[in-house]
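J.: Sharing a structure, written as structure tokens. Questions coming.
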Amino acid sequence: MNAPSRAPVPATGASRAPLVDPFRRAITYLRVSVTDRCDFRCVYCMSENMAFLPKQDLLTLEELDRLCSAFVARGVRKLRLTGGEPLVRRDIMVLFRSLARHLKTGALDELNVTTNGSQLPRYAEELAACGVKRINVSLDTLDPARFRDITRWGDLAKVLAGIDAAQGAGLHVKINAVALKGVNEEEIPSLMEWAHGRGMDLSLIEVMPLGDIEPARIDQYLPLSLVRSRLAPRYTLEDIDYKSGGPASCVRVAETGGRLGFITPLTHNFCEGCNRVRVTCTGTLYMCLGQDDAADLRAPLRASEADDLLHAAIEEAIARKPKGHDFVIDRRTNRPAVARHMSVTGG
Ligand code: SAM
Ligand code: SF4
């Protein structure tokens, strides 16, 4: 005789409502910082002597999986793992392999990663095998000495080998470059031609006032409106509607055929269509990159094996998602508007 059939147990949160904030924005995009550590020390991101979190404060890979899966059950369709440098977290592929199940069921559209590229020679094939299709690689210069100056500890050759490996594995690579006054500003056209020549989009990022670091931010800040107006006499920049779900305004460059994005949090307000939230490696949920309000998800995660408390905490936090941010560099004190570093919240 057959064993009596049991009612199927719904996947965590399967019957729960999608997350919608008070401004009717559906939360469909989650960025998760899986570590605050990194093998580089980019001058705009970290100080040279960063104090990192004690390992026991970090969510385990299993906890990260539970947390991401809870968001997927609530309507998140796109997941990006970032950091710190996500690919330096030990056994990180265990998490990718596990999250890949949501791609297979169709619950998730995209599983992406933002990386400095240093570990791609090792992991590109495996990422592709997990169903990762797109990756963002941060690269601000093609000059080895300048690369070393910007990243302090990085090796350009390794990153370029990583990009080769990623493209070889069939991953779609987008390059992110922070535009830095007096550092790489003259190089932006050649960086763009290089990226487009290899079939990669380029997004330029304005320095954001996050975290206390040594060089004065006002010195680094290069408005992208200026970069754009310098490119305009040389290139035909055609506005396009293309949106990668991010806060970039985008043009197609007629001469190269490639896309160029401008991420301008300081000069342009992109909050209206914000569909994203961020979680740190300690399980703190930030509803807005530019505000300090946050919710602790680690305590409810650890308080019970069921996810009810976790879902309640997520709902309560999303109900507080602010309408927008208010980034400013305080020109009198030169203090950042938000004290935490980008490597904590995840870029
Ligand atoms: N380590 C990975 C990387 O570099 O791609 C992922 C984390 S990093 C924090 C994510 C992105 O944030 C990178 O593209 C980096 O250039 C950018 N970033 C870091 N600090 C920034 C800042 N203060 N202003 C603007 N962008 C920043
Ligand atoms: Fe590391 Fe990325 Fe920050 Fe550079 S930008 S220090 S690679 S986390």
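J.: Within region 212-220, is there a residue that is assigned to a strand (DSSP E or B) and at pLDDT below 95?
T.: Within region 212-220, not a single residue is assigned to a strand (DSSP E or B) and at pLDDT below 95.
J.: Looking at (1) basic (Lys, Arg); (2) farther than 30 Å from LYS323 by Cα; (3) modelled with pLDDT under 95, find the lone condition where ARG90 falls short.
T.: (3)
J.: Is it true that some residue in region 123-139 is hydroxyl-bearing (Ser, Thr, Tyr), buried (at least 16 other Cβ atoms within 10 Å of the Cβ) and in contact with an Asp or Glu (Cβ under 9 Å, 6 or more places away or on another chain)?
T.: So far as region 123-139 goes, no, none of its residues is hydroxyl-bearing (Ser, Thr, Tyr), buried (at least 16 other Cβ atoms within 10 Å of the Cβ) and in contact with an Asp or Glu (Cβ under 9 Å, 6 or more places away or on another chain).
J.: Moving to a separate point now. Checking the conditions here, which among ALA166, ALA128, ALA177, ALA145 is closer than 23 Å to VAL207 by Cβ and in a helix (DSSP H, G or I)?
T.: ALA145
J.: In region 136-183, how many residues are aliphatic (A, V, I, L, M) and within 11 Å of ligand 1 (Cβ to nearest atom)?
T.: So the answer is 9.
J.: Right, something else. Among the residues in region 160-181, are any over 18 Å from THR82 (Cβ atoms), within 12 Å of ligand 2 (Cβ to nearest atom), of a type outside the set (Gly, Ala, Ser) and surrounded by fewer than 18 Cβ atoms within 10 Å (Cβ to Cβ)?
T.: no
J.: For ASN112, all conditions in the list (1) outside any strand (DSSP E or B); (2) touching a strand residue (DSSP E or B) at 6+ places or on another chain (Cβ under 9 Å); (3) surrounded by 20 or more Cβ atoms within 10 Å (Cβ to Cβ) hold save one; what is the number of the exception?
T.: (1)
Quick grid of which residues meet (1) in contact with a helix residue (DSSP H, G or I) (Cβ under 9 Å, 6 or more places away or on another chain); (2) touching a residue at least 60 places away in the same chain (Cβ under 8 Å); (3) of a type in the set (Phe, Trp, Tyr); (4) more than 29 Å from ILE188 (Cβ to Cβ):
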| site | (1), (2), (3), (4) |
| --- | --- |
| GLY273 | no, yes, no, no |
| GLY283 | yes, yes, no, yes |
| TYR286 | yes, no, yes, yes |
| LYS323 | no, yes, no, yes |
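J.: With (1) in a helix (DSSP H, G or I); (2) away from ligand 2 (no atom under 16 Å from the Cβ); (3) of a type outside the set (Val, Ile, Thr) as the list, and PHE23 as the residue in question, which single condition is left unmet?
T.: Result: PHE23 passes all but (1).
J.: How about region 221-239: which of its residues are in a strand (DSSP E or B) and modelled with pLDDT of 90 or more?
T.: Within region 221-239, LEU237, GLU238, ASP239 qualify.
J.: Next up: Which pairs have Cβ atoms under 8 Å, sit 6 or more apart or on different chains, and link a residue in region 143-170 that is touching a residue at least 40 places away in the same chain (Cβ under 8 Å) and of a type in the set (A, V, I, L, M) to one that is surrounded by fewer than 18 Cβ atoms within 10 Å (Cβ to Cβ) and not in a helix (DSSP H, G or I)?
T.: Listed by first residue and then by second, the contacts come to ILE163/ARG198.
J.: Count, please, the residues in region 65-87 that happen to be within 16 Å of ligand 1 (Cβ to nearest atom), farther than 13 Å from CYS281 by Cα and either assigned to a helix (DSSP H, G or I) or out of contact with any Asp or Glu (no Cβ under 9 Å at 6 or more places or on another chain) (or both).
T.: 1
J.: Just for helices (runs of 4 or more DSSP H) wholly inside region 297-347: which have at least 1 residues that are more than 18 Å from CYS274 (Cα to Cα), within 16 Å of ligand 1 (Cβ to nearest atom) and modelled with pLDDT of 60 or more?
T.: The qualifying helices (runs of 4 or more DSSP H) are 342-345.
J.: Let me ask another. Report, by residue number, each residue of region 51-64 that is free of Cβ contacts under 8 Å to residues at least 40 places away in the same chain and outside any helix (DSSP H, G or I).
T.: The answer is ALA51, PHE52, PRO54, THR60.
The values are calculated or read from the model by the stated rules, or taken from the named source; none is laboratory data. Being a predicted model, the structure only gives us computed values, none of them experimental. We place every Cβ from the backbone using ideal geometry, glycine too, and count neighbours over all the protein chains shown.
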